[in-house]
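**Student:** Take this structure first; my questions come after.
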Amino acid sequence: MDALENILNRVSARALSDPHPSKEEMDIVYKAALRAPDHAWLRTSSFIEVKNKGLDKLSKVFEDFAKEDKNVSADIIEKYKNAPYRAPMIVILVNSYKEHPKVPAIEQKLSTATAAQNIMLALNAMKYSCIWRTGKLAFNKSVQANLNLEDHQEILGYLYIGTESGEKKKIPNLDIDDFVSYL
Ligand SMILES: Cc1cc2nc3c(=O)[nH]c(=O)nc-3n(C[C@H](O)[C@H](O)[C@H](O)COP(=O)(O)O)c2cc1C
């Protein structure tokens, strides 16, 4: 696919199902992720791939988090428990903060965000779809601990990945003049 066409036509997917990318395809996707801009090459981005039985483990982590609220309803517990099954594959975006005199935490997180965009574009080029989700399950110390992450590590989101099973969203027709000014 033409590189510009790939960028201009990327959309997030509402409904995702199999097939999901193969190991060989994901190796390329992670290579694309690791070409994200990264001040001082600190390499603070990493990725946890979740599929098959991993989805069951993530479901348990989400369920345990929901149950931490003693007043939680059965519906909410069910919602959190089912969340991982909205796609056949999830990539959890992790940033592991490193102390550096010139690179503050925000720049390190921005680098992981650009890695996420590289992942989404690489997947789009391979005709897969995804959506970046956060909600209460990201930036969440309890979920992070249950995934064996350490205090300096943070979940910036979840990329739900697969093949679009619904109708592809229409690309909004935005006027660039509303967003760009010239000095
Ligand atoms: C950091 C971040 C977090 C997001 N979290 C959610 C979320 O929790 N739930 C959701 O439905 N969309 C979330 N979105 C928005 C979708 O990923 C998507 O960008 C949005 O639906 C617009 O669709 P588009 O990417 O096709 O323009 C998030 C986006 C970003 C950048």
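Each value in this text was obtained by applying a stated rule to the coordinates, not by laboratory testing. The structure displayed is predicted, hence computed values, not measured ones. FYI the Cβ positions are ideal-geometry reconstructions off the backbone, even for glycines, and counts take in every protein chain you see.
**Student:** Report every pair of residues separated by at least 6 positions or lying on different chains whose Cβ atoms are under 6 Å apart, first residue within the stretch 1-16 and under 17 Å from Glu164 (Cα atoms) and in contact (Cβ under 8 Å) with a residue 24 or more places away in the chain, second assigned to a strand (DSSP E or B) and within 16 Å of the ligand (Cβ to nearest atom).
**Tutor:** Hits for this filter: Ser12/Ile131; Ala13/Ser129; Ala13/Ile131; Ala13/Glu164; Leu16/Tyr160; Leu16/Gly162.
**Student:** Let me ask something additional. Keeping to the stretch 85-141, report how many residues are assigned to a loop (DSSP other than H, G, I, E, B), β-branched (Val, Ile, Thr) and touching a residue at least 60 places away in the same chain (Cβ under 8 Å).
**Tutor:** 1
**Student:** Restricting to the stretch 120-139, name every residue that is of a type outside the set (A, V, I, L, M, F, W, C) and more than 8 Å from the ligand (Cβ to nearest atom).
**Tutor:** Selection gives Asn124, Lys127, Tyr128, Ser129, Lys136.
**Student:** In the stretch 161-180, is there at least one residue being within 13 Å of the ligand (Cβ to nearest atom), closer than 30 Å to Leu42 by Cβ and surrounded by 12 or more Cβ atoms within 10 Å (Cβ to Cβ)?
**Tutor:** yes
**Student:** Out of curiosity, is Pro104 more than 12 Å from the chain's Cα centre (by Cα), surrounded by 12 or more Cβ atoms within 10 Å (Cβ to Cβ) and over 28 Å from Asn52 (Cα atoms)?
**Tutor:** Answer is yes for this residue.
**Student:** Continuing with this model, one more query. Can you tell me which condition Ser96 does not meet? The list is (1) out of contact with any strand residue (DSSP E or B) (no Cβ under 6 Å at 6 or more places or on another chain); (2) more than 14 Å from the ligand (Cβ to nearest atom), and all the others hold.
**Tutor:** All conditions pass for Ser96, except number (1).
**Student:** Looking only at the stretch 31-47, which residues are closer than 13 Å to Ile119 by Cβ and surrounded by fewer than 17 Cβ atoms within 10 Å (Cβ to Cβ)?
**Tutor:** Correct list: Lys31, Leu34, Arg35.
**Student:** While we're looking at this one, here's another question. Within the stretch 57-89, track down each residue that is under 16 Å from Tyr160 (Cβ atoms) and not basic (Lys, Arg).
**Tutor:** Scanning the stretch 57-89 gives Leu58, Ser59, Val61, Phe62, Tyr80, Asn82, Ala83, Pro84, Tyr85, Ala87, Pro88, Met89.
**Student:** Please specify each residue of the stretch 145-160 satisfying the condition of being surrounded by 12 or more Cβ atoms within 10 Å (Cβ to Cβ) and away from the ligand (no atom under 16 Å from the Cβ).
**Tutor:** Ala145, Asn146, Leu147, Leu149, His152, Gln153
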